[in-house]
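Okay, structure first, notes after.
Rule-based calculations on the coordinates, nothing more; no lab input. Small disclaimer: the values here were computed from a predicted structure and weren't measured. Counting neighbours? That spans all protein chains shown, and the Cβs are built from the backbone with ideal geometry, glycine included.
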Ligand SMILES: [Zn+2]
């Protein structure tokens, strides 16, 4: 459903900026206007959040929220393409805002320099259409997933480790599955961070770009999404595979086990 105030007016510059989108019959001026009316919250401005934010900003998503409480470190630059050497020591969200505004001055960038958790997220998520999670730990992932589900927001979730990455889409309106159907009881103590396990930098680019693609598809209701499926990319095999993820009837979030 398009909002009543849906505005198809584009300036000449906008028509030029988005011309390759507008040329696509599946997007067109209506789709581009829909992106301008859309909002996405990105949790984590790191290896995954970087390409997500850059592609959503380039695509003209009207309002992009970024949550991260870290500062840019030299070891981030191997994969976090939002930042360059001059940003070292700066708050990630401040550097990201500068970069994204330079890329597309016509969109609104909202930054939250805070830790995403069960206390802070509920207030943030409510004002966005869709959530992209590219954070690096299970505690935050569960908080993002639970809050998104509770507030009926579609969540695009990506993760990477070493030479491999995965992504999926969780849509409350579909009834399930949710993130906890995929990871019912992940143990933080056995999960390795990028700093511990290592990460082949470009893998974050592949998975982050797929997340941006799926987010744009969801906003535009285009094609077949990843609800009920998990996509896995292996860089070493140069291969994609996917498997079906049925809802878990006993799930503590979306199933009978829900509190
Ligand atoms: Zn579930």
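Just one residue in the set 119, 166, 140 is in a strand (DSSP E or B) and more than 16 Å from the ligand (Cβ to nearest atom); that residue is 166. Residues of segment 191-212 include none that is free of Cβ contacts under 8 Å to residues at least 24 places away in the same chain, surrounded by fewer than 19 Cβ atoms within 10 Å (Cβ to Cβ), within 14 Å of the ligand (Cβ to nearest atom) and more than 21 Å from the chain's Cα centre (by Cα). Looking at 155, 182, 124, which is the one that is surrounded by fewer than 21 Cβ atoms within 10 Å (Cβ to Cβ), within 12 Å of the ligand (Cβ to nearest atom) and at negative phi? The unique qualifying residue is 182. The set of residues from segment 245-259 being in contact (Cβ under 8 Å) with a residue 40 or more places away in the chain and either out of contact with any helix residue (DSSP H, G or I) (no Cβ under 8 Å at 6 or more places or on another chain) or more than 9 Å from the ligand (Cβ to nearest atom) (or both) comprises 245, 246.
For segment 213-244, filtered to residues that are closer than 28 Å to residue 27 by Cβ and assigned to a loop (DSSP other than H, G, I, E, B), the residue that is nearest to the ligand (Cβ to nearest atom) is 228.
For (1) under 21 Å from residue 212 (Cβ atoms); (2) in contact (Cβ under 8 Å) with a residue 24 or more places away in the chain; (3) in contact with a helix residue (DSSP H, G or I) (Cβ under 6 Å, 6 or more places away or on another chain), each residue gets a yes or a no:
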| residue | (1), (2), (3) |
| --- | --- |
| 140 | yes, yes, no |
| 143 | no, yes, yes |
| 146 | no, yes, no |
| 152 | no, no, yes |
| 155 | yes, yes, yes |
| 159 | yes, yes, no |
| 168 | yes, yes, no |
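In segment 237-259, the residue that is farthest from residue 143 (Cα to Cα) out of those that are over 22 Å from the mean Cα position of the chain (by Cα) and crowded, with 16+ Cβ neighbours inside 10 Å is 248. Is it fair to say residue 172 is within 16 Å of the ligand (Cβ to nearest atom) and either more than 30 Å from residue 63 (Cβ to Cβ) or over 17 Å from the mean Cα position of the chain (by Cα) (or both)? No: the conditions fail for residue 172.
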